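Okay, structure first, notes after.
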Amino acid sequence: MYPAGTLRIDELSAEERAVYATLKPSHLPEHVAIIMDGNGRWAGRRSLKRFLGHQQGAKSVQLVTETASRIGLPWLTLYAFSLENDLRRPRAEVNFLMRLLKSFLEDNVQRMMDNNVRIQYIGRTHELPAEVQEKMRWAEETTARNTGTTLTLALKYGGRSELVDAFRSLAAEMKAKNLSPERITEEDIHRHLYTAHMPDPDLLIRTSGEMRLSNYLLWQIAYTEIFVTERLWPDFRGIHLLEAMADFQRRERRYGGLGEGCGEAEAEMGQAKIAAG
């Protein structure tokens, strides 16, 4: 967590402060990842064009990021544009999303600076249009010295393609060093992931009620807690992020081990052995 001096709890809304007051600051997640789903449905339910749903979703990105920065969340990773989006959406919609990304960066970099937010990206971003990449580099370089929340946008991202890229990179490294495949470890794979510089997510939030991972951070979420809400992304706000964190804190993370009741379980096993003996 950040030093207490960097927290800006007083900037939360009254509703957000009420939820935050129920949280244990020492047990907040370090990394939250979000599958932002429901822009099209949000627009459809209002008989609006899909692009208006995407525009409203972009507003949610900035508002949620600002709440994250105020509570000192170190890492926030958002699934913004997938490989499947690029391949399966109408070209007109894809082109609009690229323009929306450019305008989002242009309009919000100053707000990121004001909120001490640093922006980064993961995915096959080198395949995005050149003018989009240029704007992305500008935003990343402008915010690079900020020390607050790192906002990572997953762009032209796919979990399987990330693993393919990691394995290719690792294979090239091993060939260059003449290493045997038997020496490969999980850490070797981790070093070649897009996310090698950040911790794995503690909490994954999916909006719109869909119960699937959609090829997102497949390696990284092995032990991540998952929170699904029926709320569509354009309606998702900072208070809903805090509510998801409250749910996260009510869970017991065991990582394949025993929980707090393990002592009782061991006693019961011992009694069973005595009875059988």
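The values are calculated or read from the model by the stated rules, or taken from the named source; none is laboratory data. Keep in mind that this is a model prediction, so the values were computed, not measured. Heads up, the Cβs are rebuilt from the backbone with ideal geometry, glycines too, and the neighbour counts pull from every protein chain shown.
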Out of all the residues in the range 60-71, is one or more of a type outside the set (Gly, Ala, Ser), surrounded by fewer than 20 Cβ atoms within 10 Å (Cβ to Cβ) and assigned to a helix (DSSP H, G or I)?
yes
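Yes/no per residue for (1) surrounded by 20 or more Cβ atoms within 10 Å (Cβ to Cβ); (2) at pLDDT below 95; (3) among the charged types (D, E, K, R):
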{"site": "ASP202", "(1), (2), (3)": "yes, no, yes"}
{"site": "LEU217", "(1), (2), (3)": "yes, no, no"}
{"site": "ILE221", "(1), (2), (3)": "no, no, no"}
{"site": "VAL228", "(1), (2), (3)": "no, no, no"}
{"site": "ARG231", "(1), (2), (3)": "no, no, yes"}
{"site": "ARG237", "(1), (2), (3)": "no, no, yes"}
{"site": "ASP247", "(1), (2), (3)": "no, no, yes"}
{"site": "ARG253", "(1), (2), (3)": "no, yes, yes"}
{"site": "GLY257", "(1), (2), (3)": "no, yes, no"}
Filtering the range 150-169 down to residues that are over 16 Å from MET198 (Cα atoms) and part of a strand (DSSP E or B) yields LEU155, LYS156, TYR157
For this session: State whether the residues of the range 106-125 include one that is in contact with a helix residue (DSSP H, G or I) (Cβ under 8 Å, 6 or more places away or on another chain), of a type in the set (Val, Ile, Thr) and under 26 Å from TYR20 (Cβ atoms).
Result: yes
Taking the range 72-97 and keeping residues surrounded by fewer than 17 Cβ atoms within 10 Å (Cβ to Cβ) and either of a type in the set (Val, Ile, Thr) or modelled with pLDDT of 95 or more (or both) leaves VAL94
Out of (1) surrounded by 15 or more Cβ atoms within 10 Å (Cβ to Cβ); (2) at negative phi, the one TRP138 does not meet is (1)
When restricted to PRO199, PRO234, the only residue in contact (Cβ under 8 Å) with a residue 60 or more places away in the chain, part of a loop (DSSP other than H, G, I, E, B) and not hydroxyl-bearing (Ser, Thr, Tyr) is PRO199
Of LEU153, LEU213, LEU203, the only residue that is in contact with a Ser or Thr (Cβ under 7 Å, 6 or more places away or on another chain), among the hydrophobic types (A, V, I, L, M, F, W, C) and closer than 30 Å to LEU23 by Cα is LEU203
Check your understanding: Of the residues that make up the range 157-174, is at least one buried (at least 18 other Cβ atoms within 10 Å of the Cβ), more than 22 Å from LEU218 (Cα to Cα), in contact with a helix residue (DSSP H, G or I) (Cβ under 9 Å, 6 or more places away or on another chain) and not β-branched (Val, Ile, Thr)?
Key -> no
